[in-house]
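Data first, discussion second: the structure below is written as structure tokens.
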Amino acid sequence: MPNLRDIKQRIVSVQSTRQITRTMEMVATAKIKRAQEKIEAARPYAFAMMEVLSNVARYVQNATHPLLEEHAERSRIVVVTITSDRGMCGAFNSNILRITEDLMRGEAAAGVEADLIAVGKKAIGYLRYRGIEPIASYRDISDKPTFADARAIATSIIGRYSAGEIDAAYVIFNRFKNVAEQKAETYQLLPIEHKVVEADTEEAVGMRAEYLFEPSAAAVLEHLLPTYVETLVYRALMESAASEQGARRTAMKSATDNASEMITTLTRSYNRARQAAITTEIAEIVGGAAALEEA
Amino acid sequence: MARTLLCEIVTPEKIVYTNEVEMVIAPTLDGEVGILPLHAPLVTVLRPGELRVRYNDNKDVEWFAVSGGYLQVHEDKVIVLADAAEHASRIDVERARKAKELASERMAAMKEAPLMEREDMTECEEDLKWYEVQLQVAERRS
């Protein structure tokens, strides 16, 4: 028969765990909202950016720019892996790391070397454990990414791509679909896909005006493309931040639910054990009394 | 009432300013441009500098520090895409001054360093410029 005290102790310990997970759930819920607001705040810039970009692209026919050019050979790529700084968020980081490793393995099989840029302590720790040395690592930015962080990451990639050191760049991050759903995704940063500067042009708010460009359309494009890459990185960082909180909320909610269920089960066996003890005691007393009467 | 322009100053992190104004004066690579209503469609690259808007019959002026970016004019709508921008009244002078000192120290150190290690030079120069502009604009507030 299970010991009453032991069961009681387990109930208490599960209860305190539940209290922690419930608090984390609520904190995450609050943070999702903030992270979402940040994504919203970046939207006007992104829209305006796309508008300008497609306007410019219409004037620069067959735009050529180092960042648009696909390199004929592919021998080295850069992968930006965005994870969180903290755990307790379910499969959030492991999905990212798995995709990163799959990608690296695939590229390695094709004879392509992949350099990693690690964002978030989880990626840094994992890569160190696997004996992979990232070329750059960023920590403590995953919670509140700033545009300056994104710029630092983007600038190094852009520089190396223009110099011909690398032939492609990808970012792997969790896309924020909604509060309950994140999707680990690989996105190509470089070369900038031509559809970005082409496809959108027709529907571009139906603007047909003749634009003046200063200093020139080509010069504007030259400035615009790196900024575009920066905004892509910034967006990936923000989506990841929001997704992290979403994943944590889901994970903590199921942890809280599991704890509650466990408490119910434990309480039931506690009561059963208590009842059994009482029954035994009564039986003993009755038995004792019967024995006395007989005597 | 005079014809107005809708001026929007946006950065990746927030919308800094939106208002109906009568004139926008912005620092471009080739010097300042002044934009009045009915301006032809224009896209231009901005350098770090002071941006100002005038309204209320040109009586009121507001100053902004911008760190560079783009400006698009289309049908009486001016969109300023800045990497960073701040309204004159919201510039943290103390912080900007300290950051500027730090940046100029780094610049000085980098000039000493061998050419090989000057990678961050342009970045540092940009930072420095940005803080200088912020301080300059902060002076303007009345």
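Out of curiosity, is residue A:179 at pLDDT 90 or above and within 13 Å of the chain's Cα centre (by Cα)?
Values: at pLDDT 90 or above: no; within 13 Å of the chain's Cα centre (by Cα): yes.
Taking the combined requirement at face value, the residue does not satisfy it.
Among the residues of segment A:17-28, are any part of a helix (DSSP H, G or I), open to solvent by 10 Å² or more (accessible area, probe 1.4 Å) and within 30 Å of residue A:276 (Cα to Cα)?
Our first condition is that a residue be part of a helix (DSSP H, G or I); within segment A:17-28, this holds for A:17-28.
Now narrow it down to the ones that are open to solvent by 10 Å² or more (accessible area, probe 1.4 Å): A:17-27.
Restricting the remaining residues to those that are within 30 Å of residue A:276 (Cα to Cα) gives A:17-18.
So far as segment A:17-28 goes, yes, one or more of its residues are part of a helix (DSSP H, G or I), open to solvent by 10 Å² or more (accessible area, probe 1.4 Å) and within 30 Å of residue A:276 (Cα to Cα).
How about segment A:208-225: which of its residues are over 12 Å from residue A:58 (Cβ atoms), open to solvent by 30 Å² or more (accessible area, probe 1.4 Å) and more than 8 Å from chain B (Cβ to nearest Cβ)?
A:216, A:218, A:222
Which of the residues that make up segment B:22-38 are out of contact with any strand residue (DSSP E or B) (no Cβ under 7 Å at 6 or more places or on another chain) and not in a strand (DSSP E or B)?
Initial filter on segment B:22-38 (out of contact with any strand residue (DSSP E or B) (no Cβ under 7 Å at 6 or more places or on another chain)): B:31, B:38.
Within segment B:22-38, just B:38 meets the criteria.
If a residue must be out of contact with any His (no Cβ under 6 Å at 6 or more places or on another chain) and closer than 27 Å to residue B:127 by Cα, how many such residues does segment B:33-55 contain?
Taking segment B:33-55 first, the residues out of contact with any His (no Cβ under 6 Å at 6 or more places or on another chain) are B:33-40, B:42-44, B:46-55.
Add one more test, that the residue is closer than 27 Å to residue B:127 by Cα, and what stays is B:33-34, B:43-44, B:46-53.
The qualifying residues number 12.
Charged (D, E, K, R), more than 19 Å from the chain's Cα centre (by Cα) and either under 30 Å from residue A:128 (Cβ atoms) or surrounded by 19 or more Cβ atoms within 10 Å (Cβ to Cβ) (or both), is that true of residue A:5? Step through it out loud before you land on a result.
Values: charged (D, E, K, R): yes; more than 19 Å from the chain's Cα centre (by Cα): yes; either under 30 Å from residue A:128 (Cβ atoms) or surrounded by 19 or more Cβ atoms within 10 Å (Cβ to Cβ) (or both): no.
So residue A:5 does not fit the description; no.
Please go through segment B:45-74 and give me each residue that is among the hydrophobic types (A, V, I, L, M, F, W, C) and either in contact with a helix residue (DSSP H, G or I) (Cβ under 8 Å, 6 or more places away or on another chain) or open to solvent by 50 Å² or more (accessible area, probe 1.4 Å) (or both), ordered by number.
B:45, B:61, B:63, B:64, B:65, B:66
Name the strands (runs of 3 or more DSSP E) wholly within segment A:85-187 that hold at least 3 residues that are away from chain B (no Cβ under 14 Å) and without any contact (Cβ under 8 Å) to a residue 60 or more places away in the chain? Lay out the reasoning, then the answer.
Details: elements: A:113-119, A:136-138, A:168-178.
Qualifying strands (runs of 3 or more DSSP E): A:113-119.
Quick one: residue A:42 ticks every box in (1) over 18 Å from residue A:244 (Cβ atoms); (2) at pLDDT below 90; (3) open to solvent by less than 20 Å² (accessible area, probe 1.4 Å) bar one, so which box is it?
(1)
Give me the residue from segment B:7-21 that is in a strand (DSSP E or B) and open to solvent by 50 Å² or more (accessible area, probe 1.4 Å) and, out of that set, nearest to residue A:38 (Cα to Cα). Before the answer, list the steps.
The initial filter retains those residues of segment B:7-21 that are in a strand (DSSP E or B), namely B:7-10, B:15-21.
If we keep only those that are open to solvent by 50 Å² or more (accessible area, probe 1.4 Å) as well, we get B:15, B:18-20.
Values: B:15: 11, B:18: 18, B:19: 22, B:20: 25 Å.
Among them, the one singled out is B:15.
Name, by its number, the condition in (1) at pLDDT 90 or above; (2) open to solvent by less than 60 Å² (accessible area, probe 1.4 Å) that does not hold for residue A:196.
If we test residue A:196 against (1) at pLDDT 90 or above; (2) open to solvent by less than 60 Å² (accessible area, probe 1.4 Å), just (1) comes out false.
I need the full set of residues from segment B:108-142 which are farther than 21 Å from residue B:27 by Cα, surrounded by 15 or more Cβ atoms within 10 Å (Cβ to Cβ) and at pLDDT 80 or above, in order please.
none
From the set of residues in segment A:157-193 that are of a type in the set (Gly, Ala, Ser) and open to solvent by less than 50 Å² (accessible area, probe 1.4 Å), which is farthest from residue A:103 (Cα to Cα)? Let's see the steps before the verdict.
We begin by selecting, within segment A:157-193, every residue of a type in the set (Gly, Ala, Ser); these are A:159, A:162-164, A:168-169, A:180, A:184.
Now narrow it down to the ones that are open to solvent by less than 50 Å² (accessible area, probe 1.4 Å): A:159, A:164, A:168-169, A:184.
Working: A:159: 23, A:164: 21, A:168: 13, A:169: 12, A:184: 13 Å.
Applying the filter and picking the extreme gives A:159.
Need pairs with beta-carbon distance below 6 Å; first residue over 12 Å from residue A:253 (Cβ atoms) and within segment A:14-29, second open to solvent by less than 60 Å² (accessible area, probe 1.4 Å) and assigned to a helix (DSSP H, G or I); sequence gap 6+ or separate chains.
A:14/A:259; A:14/A:263; A:17/A:259
Would you check which residues across segment B:39-94 are away from chain A (no Cβ under 11 Å), outside any strand (DSSP E or B) and of a type in the set (Asp, Glu) and list them?
B:57, B:76, B:92, B:94
Can you tell me which residue within segment B:22-34, out of those that are within 13 Å of another protein chain (Cβ to nearest Cβ) and touching a Leu at 6+ places or on another chain (Cβ under 7 Å), is surrounded by the fewest Cβ atoms within 10 Å (Cβ to Cβ)?
B:28
The values are calculated or read from the model by the stated rules, or taken from the named source; none is laboratory data. Please read all numbers here as calculations on a predicted model, not as lab measurements. We place every Cβ from the backbone using ideal geometry, glycine too, and count neighbours over all the protein chains shown. Just so you know, the surface numbers come from the protein's heavy atoms only, side chains and all, with ligands and any DNA or RNA stripped out. Shrake-Rupley method; radii C 1.70, N 1.55, O 1.52, S 1.80 Å.
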